[in-house]
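Down below is the structure, laid out as structure tokens.
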Amino acid sequence: MKEYKIPTLPLSVELENKPILKQLNLANKQLAELKGLVQTIPNESILINSLTLQEAKDSSEVENIVTTHDDLYKTDLDVSDFIASAAAKEVMNYREAIQVGFQLVRKDKLITNNIIKEVQKVLDGNTAGFRKVPGTTLKNSCGNTIYTPPQDGLAVERLMSELEQFINTQELCNLDPLIKLAVIHHQFESIHPFYDGNGRTGRIVSILFLVANDLLDLPILYLSRYITHNKGEYYRLLQAVREKEENEAQWQEWVIFILRGIEETAKDTIVMVKQILRLMAEYKHILRPIFGSQYRHDLLNNLFSHPYTKIEYTEQAMQVRRKTAAKYLDMIVETGLLEKVKIKRSNYYINKKLVDILMNHHKPSQEGNA
């Protein structure tokens, strides 16, 4: 097996040819529409809470960490009588890692190596940082080594320092940010800088890159769903570039794959955000007359920020006493908009229509590559 020499960035291959630019145009168009649509959502936590949890679930599935929506939402609620599975806890860590990364990146629009380390630390719960000890190899499902990343700790540091410069310095490369994202993702996965969590950290870096470049205001484009449904092709193309690194055709195929993923994922997310907006309008139409002068937007926002909610969330959102919050939730249960469930001594409330939107969106569509 030929050793892959990780290239110096920017690449010497041509990445703005006709097929790439054609796909780039489609991806940018969908992304711009998604960005505009998201700005119409009244409260950013509605999408951040629900969609980052979806991304966390799908990204973890790429690494065969599988859990159910029900487990995840219960874990998110932190209901005292519910014991979360190890997989659900890992997915929650991923969601927290996205949110930590987002808060750090949205301020200065930079993705530094310190931020990347912080994301991986939250994700994996360790402070080991970049690899310093040799021995890391990538194996296929049969246990055969298919790729050996740089083994020397100093080389890993140097390559990540170069990647940091490439990510944050516009003057180094005048490629469109989405083409650049495809290059960054490949470079990161090839450096494989951490002992664990490289795939998931790399996918979070891609989401944060869209925010850092003002292509999205919120980290809600979850490419992991596309990668999960095209897993074989994703790994084949990653490896094809490594085996024929100077081959323009291999890079072209990889870049188009990522751009198509951005287009399809943005399209799917647009559909879902529109469904959520329609459902919010429907709920508002039903709840306003019932609550009268007591109705506040915070009530609706709470129901859509947490697919499974509890009395404490309503207390905080509405700034009311526990008894009043419980009464409000029970009034909504009577309308059929929420379902009340009990785990031993704890009650929680399910927004079933919202859960249906999120779960159906999770399934692969019947079109294209999905």
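The values are calculated or read from the model by the stated rules, or taken from the named source; none is laboratory data. Only a predicted model underlies this, so the values are computations on that prediction, with no experimental measurement involved. Glycine gets a Cβ as well: all are built from the backbone with ideal geometry, and neighbour counts include every protein chain shown.
Restricting attention to the stretch 38-81, which residues are in a helix (DSSP H, G or I), more than 20 Å from Lys344 (Cβ to Cβ) and hydroxyl-bearing (Ser, Thr, Tyr)?
Passing the criteria: Ser45, Ser50, Thr52, Ser59, Ser60.
Hey, Gln165 hits all of (1) within 23 Å of Glu243 (Cα to Cα); (2) not in a loop (DSSP other than H, G, I, E, B) but one; which does it fall short on?
(1)
Residues in the stretch 72-94: is at least one of a type in the set (Ser, Thr, Tyr), surrounded by fewer than 17 Cβ atoms within 10 Å (Cβ to Cβ) and within 30 Å of His297 (Cβ to Cβ)?
Within the stretch 72-94 (the criterion being of a type in the set (Ser, Thr, Tyr), surrounded by fewer than 17 Cβ atoms within 10 Å (Cβ to Cβ) and within 30 Å of His297 (Cβ to Cβ)), the answer is yes, since at least one residue qualifies.
When both residues are 6+ apart or on different chains and their Cβ atoms are under 6 Å apart, which pairs have a first residue that lies in the stretch 1-30 and is within 27 Å of His192 (Cβ to Cβ), and a second that is of a type in the set (Ser, Thr, Tyr)?
Matching pairs, first to second residue: Ile6/Ser190.
Mind checking which residues of the stretch 212-225 are in contact with a Leu (Cβ under 8 Å, 6 or more places away or on another chain) and either within 17 Å of Ile46 (Cβ to Cβ) or among the aromatic types (Phe, Trp, Tyr) (or both)?
Scanning the stretch 212-225 gives Leu216, Leu218, Pro219, Ile220, Leu221, Tyr222.
Identify, please: which residue in the stretch 173-188 is touching a residue at least 40 places away in the same chain (Cβ under 8 Å) and assigned to a helix (DSSP H, G or I) and is, among those, farthest from Leu259 (Cα to Cα)?
Selected residue: Gln187.
Look at Ala84 and say whether it is of a type in the set (A, V, I, L, M, F, W, C), at pLDDT 85 or above and in a loop (DSSP other than H, G, I, E, B).
no
Kindly evaluate Thr228 against the criterion of being over 17 Å from Leu26 (Cβ atoms), assigned to a helix (DSSP H, G or I) and at pLDDT below 95.
Yes; evaluated as a whole, the condition is true for this residue.
Could you run through the stretch 1-40 and say how many residues are modelled with pLDDT of 90 or more and either farther than 26 Å from Asp176 by Cα or among the hydrophobic types (A, V, I, L, M, F, W, C) (or both)?
Selection size over the stretch 1-40: 16.
Taking the stretch 138-148 as the region of interest, how many residues are surrounded by 13 or more Cβ atoms within 10 Å (Cβ to Cβ) and either free of Cβ contacts under 8 Å to residues at least 60 places away in the same chain or of a type in the set (Phe, Trp, Tyr) (or both)?
2
Just wondering, is there one or more residues in the stretch 91-110 that are in a loop (DSSP other than H, G, I, E, B) and in contact (Cβ under 8 Å) with a residue 12 or more places away in the chain?
Checked against the condition, which is being in a loop (DSSP other than H, G, I, E, B) and in contact (Cβ under 8 Å) with a residue 12 or more places away in the chain, the stretch 91-110 yields at least one hit.
Check Leu287, Leu303, Leu337 and return the single one that is in a loop (DSSP other than H, G, I, E, B) and free of Cβ contacts under 8 Å to residues at least 60 places away in the same chain.
Going through Leu287, Leu303, Leu337 in turn, just one is in a loop (DSSP other than H, G, I, E, B) and free of Cβ contacts under 8 Å to residues at least 60 places away in the same chain: Leu337.
Go through the stretch 149-172 and report how many residues are without any contact (Cβ under 8 Å) to a residue 24 or more places away in the chain and under 20 Å from Glu3 (Cα atoms).
6
Please enumerate the residues belonging to the stretch 189-204 that are of a type in the set (A, V, I, L, M, F, W, C), more than 22 Å from Glu263 (Cα to Cα) and either assigned to a helix (DSSP H, G or I) or touching a strand residue (DSSP E or B) at 6+ places or on another chain (Cβ under 9 Å) (or both).
Correct list: Ile191 only.
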